[in-house]
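Below: one structure, written as structure tokens.
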Amino acid sequence: MHKVVNGQGLQGKLNMKTIEDYNLEIQQNPDNDDLYRLRGIEYLEHENNTDRAFIDFNKAIELNPNNAIVYNNRGIAFKIICDYDNAIKDFNKSIQLDPNLAHVYINRGLAYTKKDERNNALADFNKAIQLAPNDEDGFICRADIYSYFASICLSDEKLNEENLIRGNELLDSAFSDLNQAIQIEPNNPNIYINIGRTYIIKKDYDKAIDYFNKAIKIDPMNAYTYNERGDIHRRKKNFEHALADCNQSLQLDPNCVPTYFTRGLLYSDLGDYAKTIEDFEIVLRLNPYSGIEGLIEKAKKWLKEDKTL
């Protein structure tokens, strides 16, 4: 989740211009900083070309160093390439220039989350909600922080009476925020996904599946949602449903890395270690930084032992 421009979608309204259109406009108006900014967004969102996006955002900043929005745009580009420190620097600059842009606090909070600085993230999401109480994104993001802290309190190694009470209080806060988000935008599938994830923390897998079903009904083309629902079915040992969801996910997006991981775990549960290795190796090929090598070696060991039985 990120807001590229101003909290009303990518351009603030439906943008029908292509990169070629911006090329022509820039030729005619080479000193118009906003044209470079908007072309950078096109490169970022529709071409997945962060290098060209950076060139355009840098040019826009050179022409107008006091435009808060373009620092937000460039911060998102940094966040996409996992350069969270530079992303936060740009979000800081954007906020310095205009402290009333709620979506910039959300973007900075998401960057803080990636850096595991969740208290800073929580402060930013609180500020975003204060500035834009009718935008569901702030509530969704804050609920995610509450759920994370709840998961820590309720983990087996941390569980005691005090943490049990605190964990359930945090889950209640998460549900409260997500219900508020539904009141604002009942057709946002991310809300139902997050409610489902929160029920996973409670280990109420049936309710989790119910909410993933709602998310899929709203957006049946999201490969990641099928993967998450498939993993819940796997936990419930509903292996046939789990495999169907994983396969549907990969049909929608053959490069959905988390699904290969989930399906690899599923095949391991089924004792089909050859297929586990195959899926885990795809994970490694698509994401060389996944750190999955140890699991691949473990699956190879299991496969060898199984063959000797």
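Summed over segment 130-157, the residues that are free of Cβ contacts under 8 Å to residues at least 40 places away in the same chain, within 19 Å of residue 200 (Cβ to Cβ) and either among the hydroxyl-bearing types (Ser, Thr, Tyr) or surrounded by 14 or more Cβ atoms within 10 Å (Cβ to Cβ) (or both) give a count of 8. Yes or no: residue 61 surrounded by fewer than 19 Cβ atoms within 10 Å (Cβ to Cβ), hydrophobic (A, V, I, L, M, F, W, C) and more than 23 Å from residue 126 (Cα to Cα)? So residue 61 fails the test. Can we say residue 69 is in contact (Cβ under 8 Å) with a residue 40 or more places away in the chain and among the β-branched types (Val, Ile, Thr)? In short, yes.
Residue-by-condition table, conditions (1) touching a helix residue (DSSP H, G or I) at 6+ places or on another chain (Cβ under 9 Å); (2) closer than 28 Å to residue 216 by Cβ; (3) among the polar types (S, T, N, Q):
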position	(1), (2), (3)
96	yes, no, yes
134	yes, yes, yes
139	yes, yes, no
169	yes, no, no
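Does segment 179-196 include one or more residues that are in contact (Cβ under 8 Å) with a residue 40 or more places away in the chain, more than 30 Å from residue 270 (Cα to Cα) and not in a helix (DSSP H, G or I)? The answer is yes, given that some residue of segment 179-196 is in contact (Cβ under 8 Å) with a residue 40 or more places away in the chain, more than 30 Å from residue 270 (Cα to Cα) and not in a helix (DSSP H, G or I).
Each residue in segment 215-256 was checked for being in a helix (DSSP H, G or I), surrounded by fewer than 18 Cβ atoms within 10 Å (Cβ to Cβ) and among the basic types (Lys, Arg), and 2 of them qualify. Being in contact with a Phe, Trp or Tyr (Cβ under 7 Å, 6 or more places away or on another chain), over 22 Å from residue 145 (Cβ atoms) and either of a type in the set (Lys, Arg) or buried (at least 18 other Cβ atoms within 10 Å of the Cβ) (or both), is that true of even one residue in segment 91-100? Within segment 91-100 (the criterion being in contact with a Phe, Trp or Tyr (Cβ under 7 Å, 6 or more places away or on another chain), over 22 Å from residue 145 (Cβ atoms) and either of a type in the set (Lys, Arg) or buried (at least 18 other Cβ atoms within 10 Å of the Cβ) (or both)), the answer is yes, since at least one residue qualifies.
When residue 294 is tested against the conditions (1) under 26 Å from the mean Cα position of the chain (by Cα); (2) within 17 Å of residue 227 (Cα to Cα); (3) surrounded by fewer than 17 Cβ atoms within 10 Å (Cβ to Cβ), the lone failure is (2). Can we say residue 154 is at pLDDT below 95, of a type in the set (A, V, I, L, M) and over 19 Å from residue 109 (Cα atoms)? Here the answer is yes, as residue 154 does meet what is asked. The number of residues in segment 48-58 being crowded, with 19+ Cβ neighbours inside 10 Å and either farther than 23 Å from residue 108 by Cβ or not assigned by TED's automatic domain parsing to the domain that holds residue 85 (or both) comes to 0.
When the residues of segment 257-273 are filtered to those that are charged (D, E, K, R) and in a helix (DSSP H, G or I), which remaining residue is farthest from residue 211 (Cα to Cα)? Here the answer is 269.
The values are calculated or read from the model by the stated rules, or taken from the named source; none is laboratory data. Please read these numbers as outputs of a predicted model, since none were measured by experiment. Note: ideal-geometry Cβ built from the backbone for every residue, glycine included; neighbour counts use all protein chains shown.
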